[in-house]
């Protein structure tokens, strides 16, 4: 479903290559993992494939070429290693703000909020501030924020 061929990433004025002609393929309807030691380029590979980092090479989602992250909008969500929720918000507020961007119908918003809280196991923590969550809870909140858009595919960085 998501694949790359000869994908490279260069950074800095001297164009230091931090990803060198990588090839990868991820199957649909399956759990796929990129495994390797710290600093080997796992996050760089994922961000380049998703169009978050500028790269050279070919990336496809299904049979369609991907040029930048806009080509994946509505199809794929990326849950980064660290939560993007504002630390002063409560869990429920963070999810509601995300739902406000994606869901118009008020009843559907409430239903979707409850569904996501249950799915990520944070229902009992809904009134906690983001800055009081454990590392694992923050990662689950990050997943919940991406589930708001009901993507076909989820790509998660360092979700444990």
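Read the figures in this text as sums done on the coordinates, not as results from a lab. Just so we're clear, the structure is a prediction, and the values are computed from it rather than from any experiment. Every residue, glycine as well, gets a Cβ built from its backbone with ideal geometry; the counts of neighbours run over all protein chains shown.
The table below lists the values:
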item: Relative contact order, percent, the range 1-141 [alpha-carbon distance under 8 Å, six or more residues apart]; result: 20 percent
item: Gain upon complete extension [residue 82, residue 40; 0.36 nm per residue less C-alpha separation]; result: 13.3 nm
item: R0 of 41 Å, Cβ-Cβ distance residue 119-residue 18: FRET efficiency to nearest 0.05; result: 0.75
item: Cα-based helix-to-principal-axis angle, 106-120 vs the chain, degrees rounded to 10; result: 70 degrees
item: The range 91-156 - percent relative contact order, Cα under 8 Å, separation 6 or more; result: 43 percent
item: Degrees separating the helix 91-102 axis from the principal Cα axis of the chain, which is the longest one; result: 70 degrees
item: Nearest-ten-degree value, helix 135-147 long axis tilted from longest Cα axis of the chain; result: 90 degrees
item: Highest-first arrangement of 10-17, 74-81, where packing means the average Cβ count within 10 Å; result: 74-81, 10-17
item: Residues residue 58 and residue 29, FRET efficiency given R0 of 35 Å [Cβ-Cβ distance, rounded to 0.05]; result: 0.95
item: Additional length obtainable on full extension of the chain from residue 105 to residue 10, 0.36 nm per residue less Cα span; result: 29.8 nm
